[in-house]
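Here is the structure we will look at.
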Amino acid sequence: MPDATTAPLVESLTQSLETMTFIMANASQERPLPPPALREVSIRFRSDTAGWIELAAPEAFARLLAANALGLAPDADLEPAVCEDALRELLNVTCGTLLQADGVSRNEPIHMSIPQVRSMQPEEWTLFIEDARTQVMDAEGYWIAIRFVEEGPSA
Amino acid sequence: MPCTVLIVDDSSTTRMMIRRTIQVAGLPVDRCLEASDGQNALDLLAAEPVDLVLADLNMPRMSGVEMTRRIRSAPANRQVPIVIVSADPNLSFLHLLEKEGIQGYVRKPFTPEGIRNAVARLLETVHA
């Protein structure tokens, strides 16, 4: 069960998805089996505190994301790099939206990293969605999951 | 008079979204150039003049702020309008950007109207 702090994260993700791509996503209490061909994208931030956000999603969702963002048909033939770029940009925008809207007064400017994408193994998905900080979401039939991790004061 | 716009963002998705928005908006833009970071943008600007720059802040190799400083340091580009299109969460940073010579700010996730309005407003000043 995700904890209460996931609500602003979910709101930032849904707002970014809808505005960039017209994709609707809803939080779910389901614990789905690992989707095929998973990708994980992560972004780090640093200010008075530091942390990161991770998003796990299947390749098929990344294709839909890229196609919608570019105004193409959902079955458009897109290079994997284009789909991964769309995932990176979604998380970049989600992170900026979350940190701008969280109402936390910070003394230091916020620095955000360039998002990174990697393959995610099925067993990693299972562990990921079991974490209390992870929110599973249904994005137009695709299972995706997102987690916000704050490390405490930055070094 | 048709204009040339330079779109600077490390995300190819965002560059294409902005390009498509400009193309369908009926704006007086006949060319959209693209650069994937600040250094790439400076190289393009050295080769040909543009009428407007739309740039991200957080990019590899050279940030949007550093790119703006360098554009402004070149006499030929001192007057080129620059609009930042970014997810940067530092709202207090905006007045500093204005000091760097930035004329507009569009927050990501942007709407087509946000891009269209910013581009239209600044192209009017170019033609004035």
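Values in this text are rule-based calculations from the coordinates and carry no lab data. Note that the structure is a prediction, hence the values are computed from the model and not measured. Cβ placement follows ideal geometry from the backbone for every residue including glycine, while neighbour counts extend to all protein chains displayed.
Counting only other chains, what is the mean number of Cβ atoms within 10 angstrom of the Cβ of each residue in peptide A:84-96? Mind dumping the intermediate values first?
Numbers: counts 1, 7, 6, 1, 4, 11, 3, 1, 9, 8, 3, 2, 10.
Partner-chain Cβ atoms within 10 Å, mean over residues of A:84-96: 5.
In loop segments of segment B:49-86 as defined by DSSP, the trypsin sites (Lys or Arg not before Pro) with at most 16 further C-beta atoms inside 10 Å of their C-beta are B:61, B:78. Quick check: from the Cα gyration tensor, does segment B:10-59 come out rounded (a/c under 1.5), prolate or oblate? Verdict is oblate for segment B:10-59.
Computed from backbone phi with θ = phi - 60° and the Karplus coefficients 6.51, -1.76 and 1.60, the 3J(HN,Hα) list for segment B:12-29 is 5, 4, 5, 4, 6, 5, 5, 4, 5, 4, 5, 5, 8, 7, x, 7, x, 10 Hz; x is used for glycine and proline. The distance between label points at residue A:48 and residue A:30 comes to 4.0 nm (points 7 Å beyond Cα on the Cα→Cβ vector).
With both residues required to sit in the protein assembly as shown, DSSP beta bridges show an antiparallel share near 65%.
Just so you know, the Cα atoms of the protein assembly as shown work out to an Rg and Dmax of 19.3, 61 Å. Against the compact-protein benchmark of 2.2 N^0.38 Å, the Cα-based radius of gyration of chain B scales to 0.94.
Please say if segment A:1-63 is rounded, prolate or oblate, where rounded means a/c under 1.5 for a ≥ b ≥ c the square roots of the C-alpha gyration tensor eigenvalues, and otherwise the choice is prolate for a/b larger than b/c and oblate otherwise?
Numbers: a/c = 1.38, a/b = 1.37, b/c = 1.01.
Verdict is rounded for segment A:1-63.
Let me see the P(r) profile for segment A:10-155: every Cα-Cα distance counted, bins of 5 Å, each bin given as a percent of all pairs. Calculated P(r), rounded to whole percents: 2, 10, 20, 23, 20, 14, 7, 3, 1, 0. The residue B:99 and residue B:79 beta-carbon pair, evaluated with R₀ = 25 Å, returns a calculated FRET efficiency of approximately 0.95. Comparing B:57, B:94, B:45 in a Gaussian network model of chain B where C-alpha atoms under 10 Å apart are linked, the largest mean-square fluctuation is found at B:94.
For chain B, a crude dipole built from +1 on the beta carbon of Lys and Arg and -1 on the beta carbon of Asp and Glu, taken about the Cα centre, is about 140 debye to the nearest 20.
Could you grab the Rg to Rh ratio for segment B:55-96? Cα atoms only, Kirkwood for Rh. Display every interim value, and only then the final one.
Details: Rg = 10.9 Å, Rh = 11.1 Å.
Across segment B:55-96, the Cα-based Rg/Rh ratio is 0.98.
Dividing the helix sum by the residues of chain B, where each DSSP H run of 4 or more adds -39500 (n - 2.57), gives a mean residue ellipticity at 222 nm of -13000 deg cm²/dmol.
Per residue of peptide A:112-125, the mean number of Cβ atoms on other chains within 10 Å of the residue Cβ is 1.
For A:30, A:140, A:40, what ranking results if the residue with the fewest other Cβ atoms within 10 Å of its Cβ goes first? Present the calculation step by step, with values, prior to reporting the outcome.
Details: A:30 11, A:140 15, A:40 20.
Fewest-to-most ranking of A:30, A:140, A:40: A:30, A:140, A:40.
Each residue of segment A:7-15 was assigned a 3J(HN,Hα) from its phi angle through the Karplus expression (A = 6.51, B = -1.76, C = 1.60, θ = phi - 60°), giving 4, x, 5, 4, 5, 5, 5, 5, 5 Hz with x at Gly and Pro.
Test of understanding: ordering A:14, B:68 by Cβ neighbours within 10 Å, fewest first, what list do you get?
On the way: A:14 18, B:68 22.
With the fewest neighbours first, A:14, B:68 line up as A:14, B:68.
About its Cα centre, the dipole of chain A is roughly 240 debye, where the only charges are +1 on Lys and Arg Cβ and -1 on Asp and Glu Cβ.
Mean per-residue shielding of peptide B:14-23 is 3, counting Cβ atoms of other chains within 10 Å of each Cβ.
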